[in-house]
Structure formats: C-alpha cells, structure tokens
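Structure, as structure tokens:
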Amino acid sequence: MSVEITPGTMALAQWRAIYFGEAAYLDTACLPAVQAAAAVIARIVGQDAAVYGVNTGFGKLASVRIAPSDLVQLQRNIVLSHAAGIGKPMSAPVARLMMALKIASLGRGASGIREETLLLLDAMLRQDLIPLVPEQGSVGASGDLAPLAHMTAAMIGVGHILDTDGVPQPADDMLRQAGLSPVILVAKEGLALLNGTQFSTAQALAGLFEAERVFAASLVAGALSVEAARGSDTPFDPRIHALRGHRGQAEVAGALGALVRGSAIRESHRTDDPRVQDPYCLRCQPQVMGAVLDLLRQAGTTLGIEANAVSDNPLIVTNDEVLSGGNFHAEPVAFAADMIAMAICEIGSISERRTAMLVDPALSGLPAFLTPRPGLNSGFMIPQVTAAALVSENRQRAMPASVDSIPTSANQEDHVSMAAHGARRLMPMAANAAGVVAIETLAAAQGCDFLAPLCSSAALEAVRAAVREQVPTLDDDRYFHPDIEAALALVQSGVLETVVVASGIALPGVAA
C-alpha cells in the first residue's frame, strides 16, 4: 500500500501510515497551483518592488535589498548558513514524515517554489533518500530553520543522505546514484523550504502515534491488573460515566468493561469480596485514562490542522499579491506537544501505581513481590523500582516547553514557541511509558498465574498467552532484563492491541 499526499486534505491516519513505513507520493493534481505561484515570484523578480525573502535579506536583514544577479546566490546562502543544527540525527521514520509534511505544505501553491523543486523532494521521498538532519537547533520560529535547512542542503547536493543501512553518504553522490540532479534554487525557494513548522510537527505527530500505541497497551495492562488484584468491574458500569459526560471516560470504561467481561476470576469473588472499593489506580482508570484520551485527541486535532497548513513566509495569496505574516510561529504545535507530554506522563504514572499495588501483599493479597518464595527471591521488587525511575524521568520532561521564549535574530524574532524540543522529547517519553506498561503487563500476568485454575476473560487470556509465548512465569529469580525487553516489544509493536482486536474488542484510539 502507499499514501497519496493530497495537499490540504490529509487525515491523521494517513500521516500515521507514513510514519509507520508506508510509501508516499505527491498527488500531481496540485501542480497547476504550484506553477501559478511560481509565476508570481518570477514576475516580482522582474519588477522593482522589494518583497521580503524574494529580493531582500532575511530576519533582521530584511531591509537589505538584493540585486537580481545575486538572487540565486541568496537562496543557496540561506541554506548553507542556516544548516547549523547539532546533536544526533533525526530517526529515518520521523525524517520521512517531515519530508512528506513539507511536500504537502508546498503543494498548496502558496509558497512560490517551482514544480521541479517540489518534484525533486517528492522523488527523494519515493526513493527513501532521507537527509541526515541534526535534531537540535530550532526554537520553533521563524520556522524550524536549521533542521529544514539540513533537509534542503541535501536537495542542492550538500550534506549527507542516509543509505539503505542508515549510514550517511555525500548527498550529491546519493542523488546521482538515484538518477537525480541537485536543484539550483531560484528566488524564494530556499526560504520556502526552510521556513515552516514541519520538523516540529513531524516530531509531535510521531510522539502522538507512539503515545497512542502505549495508551492502548496500558488499557490492556490495566484490565489485566484488575484481574490479578481481584478487583471489581463495577467502576466500569456505563451508567456512572453517562452521568459525567466526558467522551473519553465513557469509551475507556466501555473498553475496560469489555476486556474483563466473562472472567471466571471476577465471578469467583463477586459476592464475597470484603473490600468495599478498589484503590484509585484500578477504580479510576476510566476517569484518568479517559482524560488522557480526550487530551490526545485534542492535540491530534491541532496537529492535523497544522499538518495540512502552509506555514512559511511570505505567502502568495492571489495572482499578484504576496503577504508577509507569521504562519511559521509554531505555538499551536508547542501547545499540542505539551499536552501530549502530560498525557504520556499520566499513562506511566497510573500504570506504575498498579504495579506497586500488585507487588504489595497488603494491597493485592498476592505473594510479596509476586514470587512464590519471597525472601529467597526478590521477584518483581526491582522492576517496580525501574518503573518508578521511568515515571520520575517523564515527570521532569513534562515541564511545558511553550512557556519559554528566548529572543533571536537581534530581537527581530523576539518571541518564539520552543515547539521543536517540546515535540522532540515526546518519543523518549513514550518509550519510557512503554517500559512502565511493559513491566505492569508482566506483573499482572504473573499475578493472574497465582489465581490458577481460575481464568480471566477470553480477550485477556489471549493477551496472557501472547505474553507467555515470550516470557515464561517467574518461579525463581532469573536474569530479568530480557523479560522486560520482550514485554516492551509487545507494547511498542502494537501486538497487545492486535490480540485484543482479534478477540472482537475495539479499543478507543486517537487518530481516525
């Protein structure tokens, strides 16, 4: 399968498919609009009026007029001077997504680049010619200048492109081997390629999609923990959630109720359970995880709009009018990234509390630290510590990025969004949360093992079987790291959600 990039009309699900590896290509129906905007720029070049980014300097140097004979050099210079990133390279999936987002933005026909320039970027995406782009260096306005400059540098044959093994190779060599030629940028093209929020948006979308997978796995782990702790399904009664009215809460409650439905474990203690109410980490899952879901969806709405936006400057709005504004300011992306960070933090936080509850015999009624011979064995004592460490790290990373601003460009660009690193932290945070959920999944499966021969629901028994295919029951202590890694792979790959869906239960998601 492949995704056709239709500028201005892409759905979140299509961006998700591109991120997870689907091939992508430009819908060429947009090319007449692209050609018309390029013609406007060509006419301006032949006139005497000063237009920012076309025949002037950039940023604080906007008042400097550039001679027509220097316009090609101007566009090359902006790429070379702005390719000032630092740090580790973007991952290839996120870099591919950034390229697709830039193609969609330029394809709207408001940026003034030529057809051949846009088609070169499209050809690079089609052939997986992924530029090496350092992750650090953008403040989220005036656009993601440094990262996008590194992307553009590869288009002019400068810098590096990753080969099929992920090894950086000279960009001009890689283009030549693919039958492509570096582009010579003309008026406005360098600025159009560098200006925009595509780096921040790609990072935020990747974080959202990873968070969505961890969210689904956390619902499964949470239901399994309810079973291991012999908790009640009463808190999932839809009548409770109808009285509050939050969509996410109701959907999470419905999913959790479906996951435990038909459980022999639940039936075994329905009438003789001395506990009046379960701890919040079990009982309040619909309220917490439902709020997480609503927040992720709100962030997804913002990012879906931004992904279809034109966010460079200036913009061609009619056949003879170019307007200078500030669509490159990534404040919406920064706010969305901050929301996703909070949501990821809470997914891990409540999951760790369930693991802590399961290893405590006073709360769970299970053997201490989920080992049949506590004392001689430590069981799940330290995996819970690991989960606590990951949760603490995520709490520190969840500090809002959008509230920070450092003026740049000699105070011409005096308020910035910090969207880039606000979005860039999301994938490591999602990985941390996945580790926490993986540990809970192992602990919950171990807890259910102590309740044999009683079985859980068909869906959760299928999940437990999938876990046990990779990780056997923990009898005596063994080298624990491979067990956690195997469970982490199940969480991050979406296998747990797939197993549940195969049983006939649909888990609520973010990106439709």
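The values are calculated or read from the model by the stated rules, or taken from the named source; none is laboratory data. All of these numbers come straight from a predicted model, not from anything done at the bench. We place every Cβ from the backbone using ideal geometry, glycine too, and count neighbours over all the protein chains shown.
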Pairs where the first residue, in region 336-352, is assigned to a helix (DSSP H, G or I) and the second is among the polar types (S, T, N, Q), C-beta under 6 Å, 6+ apart = 336/302; 338/402; 345/394; 347/218; 348/394; 351/218
Could you give every pair whose Cβ atoms fall below 9 Å, whose first residue belongs to region 20-39 and is at positive phi, and whose second residue is crowded, with 16+ Cβ neighbours inside 10 Å and at pLDDT 95 or above, counting only separations of at least 6 or pairs across chains?
-> 21/93; 21/96
Kindly establish whether residue 406 is β-branched (Val, Ile, Thr), farther than 26 Å from residue 477 by Cβ and either at pLDDT 95 or above or in a loop (DSSP other than H, G, I, E, B) (or both).
-> yes
Could you run through region 202-232 and say how many residues are among the hydroxyl-bearing types (Ser, Thr, Tyr) and either part of a helix (DSSP H, G or I) or buried (at least 24 other Cβ atoms within 10 Å of the Cβ) (or both)?
-> 2
Working carefully through the options 119, 97, find the one that is surrounded by fewer than 19 Cβ atoms within 10 Å (Cβ to Cβ) and closer than 30 Å to residue 169 by Cα.
-> 119
Among the residues of region 417-432, count how many are of a type in the set (A, V, I, L, M) and either more than 15 Å from residue 147 (Cα to Cα) or not in a helix (DSSP H, G or I) (or both).
-> 6
May I ask you to verify whether residue 136 is of a type outside the set (Lys, Arg), surrounded by fewer than 23 Cβ atoms within 10 Å (Cβ to Cβ) and closer than 18 Å to residue 183 by Cα?
-> no
Every residue from region 56-92 that is more than 16 Å from residue 145 (Cβ to Cβ), in contact (Cβ under 8 Å) with a residue 12 or more places away in the chain, part of a helix (DSSP H, G or I) and not small (Gly, Ala, Ser) | 68, 71, 72
Where a residue in region 233-253 is more than 19 Å from residue 278 (Cβ to Cβ) and its partner, wherever it lies, is not in a helix (DSSP H, G or I), with Cβ under 7 Å and at least six apart = 251/508
Note on residue 257: of the conditions (1) assigned to a helix (DSSP H, G or I); (2) crowded, with 23+ Cβ neighbours inside 10 Å; (3) modelled with pLDDT of 95 or more, unmet is (2)
Which of the residues spanning region 93-127 are of a type outside the set (A, V, I, L, M), touching a strand residue (DSSP E or B) at 6+ places or on another chain (Cβ under 8 Å) and not in a helix (DSSP H, G or I)?
-> 107, 109, 111, 112
Given the structure, is residue 478 surrounded by 21 or more Cβ atoms within 10 Å (Cβ to Cβ) and either of a type in the set (Lys, Arg) or assigned by TED's automatic domain parsing to the domain that holds residue 137 (or both)?
-> no
Would you check if residue 17 is more than 22 Å from residue 110 (Cβ to Cβ), surrounded by fewer than 19 Cβ atoms within 10 Å (Cβ to Cβ) and among the aliphatic types (A, V, I, L, M)?
-> yes
